[in-house]
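The values are calculated or read from the model by the stated rules, or taken from the named source; none is laboratory data. None of the values given here were measured: they were computed from a predicted structure. With ideal geometry, Cβ positions are generated from the backbone for all residues, glycine too; neighbour counts draw on all protein chains shown.
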Amino acid sequence: MGIKVIKAGMLTTVQDLGRTGYRKDGLTVSGAMDEDALRLGNLLLGNAAGEAGLECTLTGPEILFESDALIAITGADLSAKIDGLPAELWRPLLLTKGSVLTFGQAIAGCRTYLSVQGGFDLSPVLGSLSTYLPAGFGGFEGRALKKGDRIAFKLEVPHLPVAMNWTLSKDLYTPTDKNIIRVMKGPEFELFGEKSLADLFISPFSISKAADRMGYRLEGPVLQLKTAKEMLSSAVTFGTVQVTSEGSPIVLMADHQTTGGYPRILQVLRTDLGKLAQLHSGAQIQFELLSLKQAQTLLIAREQEINQLKQSLTFKYISS
Amino acid sequence: MKKINTYTFYPLGDSAIVIQFPDQISEAIHQQLRAVTAYLDENSFEGFIEYTPAFTSVTIYYQPWIIRYEEIQGLLEEMMKELMEDSAPRTATLIEIPVVYGGDFGPDLEFVAAHNHLSVEKVIAIHTAAEYLVYMIGFAPGFPYLGGMNEKIAAPRKAQPRAKVAAGAVGIAGQQTGIYPIETPGGWQIIGQTPLSLFDLNRKEPALLKAGDRLKFVAISEKEFIQIRRNDGD
């Protein structure tokens with residue numbers, strides 16, 4: 001037994017940490033837009049950090065639980081309710097058979113993750129449960145969830161933690177309303193004109209309506225190369241900021257193409273991708289430049305923090 | 001073949017490093033890239049995730065909490081020195097791509113012919129005569145960037161991209177020819193269609209083509225197209 005989708009919501013897809021090993025074949029990684037939110041949700045339940053959950057976007061789904069489940073809701077605050085009562089984020093919640101999970105107004109952020117203990121019973125495609133919408137495979141039938149879909153749980157009976165009265169510390173997750181996005185120079189950074197490079201860090205950019213799992217087009221000052229240059233296609237990755245021939249930047253997100261032919265002006269720090277994933281159309285961002293060394297130091301500290309959390313949460317699930 | 005021994009390293013963000021060769025499309029550079037990717041296929045290291053080869057670069061994705069940038073650059077420098085000494089040329093697989101040209105399968109074949117003041121038959125003859133090199137796979141799962149098309153059949157992209165181009169469609173855009181692996185919107189001039197599936201999740205290796213492969217287009221009839229499709233489906 002598992003869940004039944006009563007209402008699909010705007011875009012609800014199954015995502016794990018993505019599909020690796022196929023970028024050389026033109027197949028991108030995909031996976032959760034806010035990796036940390038999904039990982040923390042899983043750790044709260046005693047799951048492996050990379051277990052697949054549901055990524056719910058802006059207007060969340062309505063979900064009926066057809067059996068008992070231990071769940072966690074992490075990431076954006078989309079006014080989650082269980083049987084009409086506000087549900088707490090960042091903690092394990094025991095739902096009994098027949099419970100209905102709904103979402104309402106987006107209070108902070110735009111992507112929330114529903115994780116269930118043990119995970120969903122689905123077959124991986126090329127080693128991952130992530131849904132890759134552009135090619136229509138992975139996750140649940142290669143598509144976003146629809147009304148009437150049913151997904152079974154791998155675990156039949158929830159395994160309760162030693163105590164239930166705890167919540168994850170707020171410090172472990174980047175606030176969803178901070179608009180400073182830390183970046184490194186991209187490979188073609190130096191090819192841009194002096195004014196463009198100055199504008200890049202002085203002026204804010206706003207996220208346009210063209211913002212989805214593939215990329216966010218930004219609006220702001222026009223960015224120009226010192227001299228026009230025809231680029232050969234080369235690799236891009238999650239967080240690469242490309243500049244189109246009209247001079248507008250696009251930040252590539254989880255479902256980006258593997259290669260691109262536009263100059264890569266910036267690269268968003270891996271630690272800040274989740275923050276970006278939580279910002280939606282209309283939000284303003286301000287870039288802040290860091291060095292590679294600073295970026296790697298931050299990333300390593302982040303991994304250590306998550307590992308420590310994993311260790312301490314393991315104790316909460318030790319059966320007596 | 002002349003060895004290309006100039007290359008640089010640079011980061012693509014905090015979790016990837018790029019080995020960059022001189023910025024021009026050439027077979028000599030491509031051979032060096034293949035040596036790098038073949039080496040990485042056989043010699044993985046801790047913290048290595050995967051790589052993406054492109055026209056003149058190989059990008060390597062890694063886990064910085066296992067191996068830092070300076071360390072991975074050191075490792076790759078050693079690798080490059082080793083590869084410079086090993087001069088064994090790599091053999092390429094020649095793959096035949098059957099194509100039905102024209103008609104509903106290639107609605108833009110006549111445009112390409114008219115644009116180049118050629119007959120339709122001549123366009124097909126030129127397109128099937130050449131041997132193409134797969135420089136890289138990118139843009140979409142299994143999409144090959146091919147080198148080697150005769151300039152005589154070059155044609156501009158469509159002013160209005162089609163909302164739907166079928167999987168297997170063979171097209172021309174500027175000096176390039178390519179094959180659409182999945183149904184997608186697209187602006188290339190479509191001259192034909194192959195019944196082969198360029199990206200098939202049911203195969204052990206989903207992508208039909210790999211960087212470094214060589215391919216030839218072979219003209220087939222509609223009847224043969226249907227036969228190949230049917231056999232593939234079994």
Qualifying residue in region B:169-179 (condition: more than 14 Å from residue B:107 (Cα to Cα) and modelled with pLDDT of 95 or more): yes
Leading residue by the ranking (surrounded by the fewest Cβ atoms within 10 Å (Cβ to Cβ)) among those in region A:197-211 that are outside any strand (DSSP E or B) and in contact (Cβ under 8 Å) with a residue 60 or more places away in the chain: A:201
Odd one out for residue B:229, checked against (1) basic (Lys, Arg); (2) touching a residue at least 60 places away in the same chain (Cβ under 8 Å); (3) within 23 Å of residue B:104 (Cβ to Cβ): (2)
Residue within region A:220-229 that is outside any loop (DSSP other than H, G, I, E, B), closer than 30 Å to residue A:105 by Cα and small (Gly, Ala, Ser) present: no
Among (1) free of Cβ contacts under 8 Å to residues at least 40 places away in the same chain; (2) within 9 Å of chain B (Cβ to nearest Cβ) - the single one residue A:245 does not satisfy: (2)
Yes/no for residue A:174 being at pLDDT below 95, farther than 23 Å from residue A:37 by Cβ and β-branched (Val, Ile, Thr): no
Looking only at region B:126-145, and only at residues there that are in a strand (DSSP E or B) and over 20 Å from residue B:101 (Cβ atoms), the one that is farthest from the other protein chains (Cβ to nearest Cβ): B:133
Some residue of region B:109-128 being exposed (fewer than 14 other Cβ atoms within 10 Å of the Cβ) and in contact with a Lys or Arg (Cβ under 6 Å, 6 or more places away or on another chain): no
Whichever residue in region A:1-56 is within 14 Å of chain B (Cβ to nearest Cβ) and among the hydroxyl-bearing types (Ser, Thr, Tyr) and, among such residues, is surrounded by the fewest Cβ atoms within 10 Å (Cβ to Cβ): A:20
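Residue-by-condition table, conditions (1) closer than 18 Å to residue A:173 by Cα; (2) buried (at least 17 other Cβ atoms within 10 Å of the Cβ); (3) of a type in the set (Lys, Arg):
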| site | (1), (2), (3) |
| --- | --- |
| A:61 | no, yes, no |
| A:73 | yes, yes, no |
| A:78 | yes, yes, no |
| A:86 | no, no, no |
| A:98 | no, no, no |
| A:102 | no, yes, no |
| A:112 | yes, yes, no |
| A:121 | no, no, no |
Qualifying residues in region B:1-22 (those that are surrounded by 14 or more Cβ atoms within 10 Å (Cβ to Cβ) and part of a loop (DSSP other than H, G, I, E, B)) - the one modelled with the highest pLDDT: B:12
Evaluation of residue A:268 against (1) more than 14 Å from chain B (Cβ to nearest Cβ); (2) under 23 Å from residue A:39 (Cα atoms); (3) among the β-branched types (Val, Ile, Thr) (one fails), failing number: (1)
Any hit, region B:45-53, residues being buried (at least 20 other Cβ atoms within 10 Å of the Cβ), of a type in the set (Val, Ile, Thr) and either at pLDDT 95 or above or under 30 Å from residue B:179 (Cα atoms) (or both): yes
Odd one out for residue A:137 among (1) crowded, with 19+ Cβ neighbours inside 10 Å; (2) among the hydrophobic types (A, V, I, L, M, F, W, C); (3) touching a residue at least 24 places away in the same chain (Cβ under 8 Å): (3)
Output for region A:155-179, where each listed residue is of a type in the set (Asp, Glu) and touching a residue at least 60 places away in the same chain (Cβ under 8 Å): A:156, A:177
Hey, residue A:297 at the interface with chain B (Cβ under 10 Å from one of its Cβ atoms), among the hydroxyl-bearing types (Ser, Thr, Tyr) and either part of a helix (DSSP H, G or I) or closer than 30 Å to residue B:67 by Cα (or both) or not: yes
Hits in region B:42-76 (condition: part of a strand (DSSP E or B), among the aliphatic types (A, V, I, L, M) and closer than 26 Å to residue B:26 by Cα): B:58, B:60
Enumerated strands (runs of 3 or more DSSP E) restricted to region A:86-142, each holding at least 1 residues that are under 17 Å from the mean Cα position of the chain (by Cα): A:108-116
